[in-house]
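One structure below.
Taken together, the values in this text are just the output of simple stated rules run on the coordinates, not laboratory data. Bear in mind that the values here come from a model prediction, so they are computed numbers and not experimental data. Cβ atoms come from the backbone with ideal geometry, glycine included; neighbour counts cover every protein chain shown.
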Amino acid sequence: MEFAYTILYVDDVAQALAFYEKAFGLRRRFLHESGDYGELDSGATALAFSSRRLMRELGKHPAAPDPHAPGFEIAFATADVHGALARALAAGATLEQEAREMPWGQTVAYVADPQGYLVELCTPVIQA
């Protein structure tokens with residue numbers, strides 16, 4: 001089995017794709033002609049977006065994300081957390097936590113995307 005993708009439910013898929021391209025440098029795989037689904041290339045696993053409208057049509061009722069009470073977070077590893085944080089903020093992310101050195105040696109910062117999803121920017125975890 002292979003982990004294929006994570007889907008975030010958003011109001012505007014094209015807008016979400018554009019934000020993640022600008023804020024985090026991800027490349028667009030595609031946006032479906034309906035505008036209700038799209039994917040970004042984020043390595044082995046895709047970061048995907050589906051419209052809340054489509055999910056409601058399918059009988060689902062996605063809750064709005066809350067960065068202060070997240071159910072999950074997505075994380076992007078980078079050697080330059082400070083630079084990634086500045087880029088994300090310039091693209092419209094909201095600062096949730098400045099970059100901090102963690103006791104285990106990792107540098108970590110948090111932002112919220114325009115929909116309210118919590119995004120961690122971090123250096124890779126070094127395993128001993």
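Tell me, E98, E21 in order of fewest to most beta-carbon neighbours within 10 Å?
Exposure proxy ranking, most exposed first: E98, E21.
Out of all DSSP beta bridges with both ends in the chain, state the antiparallel percent to the nearest 5.
Bridges in the chain are about 65 percent antiparallel.
Give the order of Y5, Y110 when sorted by the count of other beta carbons within 10 angstrom, beginning with the fewest.
Y5, Y110
By count of other Cβ within 10 Å, fewest leading, how are E57, E120, E39 ordered?
In order of increasing Cβ crowding within 10 Å: E57, E120, E39.
List the relative contact order of the chain as a percent without decimals, with contacts defined as Cα pairs under 8 Å and 6+ residues apart.
22 percent
With an 8 Å cut-off on Cα pairs and a minimum separation of 6 or more residues, tell me the relative contact order of region 74-122 in percent.
Relative contact order here is 43 percent.
Work out the length of the dipole vector of region 74-122 about its Cα centre, built from +1 on the beta-carbon of each Lys and Arg and -1 on the beta-carbon of each Asp and Glu, and round it to the nearest 20 debye.
Value, rounded to 20: 60 debye.
Provide, in order from the shortest bin, the percent of all Cα-Cα pairs of region 5-57 in each 5 Å bin, continuing until the bin that contains the maximum pair distance.
4, 25, 33, 24, 9, 3, 0
For region 20-36, take each phi angle, set θ = phi - 60°, evaluate the Karplus expression 6.51 cos²θ - 1.76 cosθ + 1.60, and give the result in whole Hz per residue in order, putting x for glycine and proline.
Coupling constants for region 20-36: 5, 5, 6, 6, 10, x, 6, 9, 6, 7, 5, 10, 4, 4, 6, x, 8 Hz.
Restricted to Cα positions, what overall size does region 32-95 have along the principal axes? Three whole-Å values, descending.
41, 28, 22
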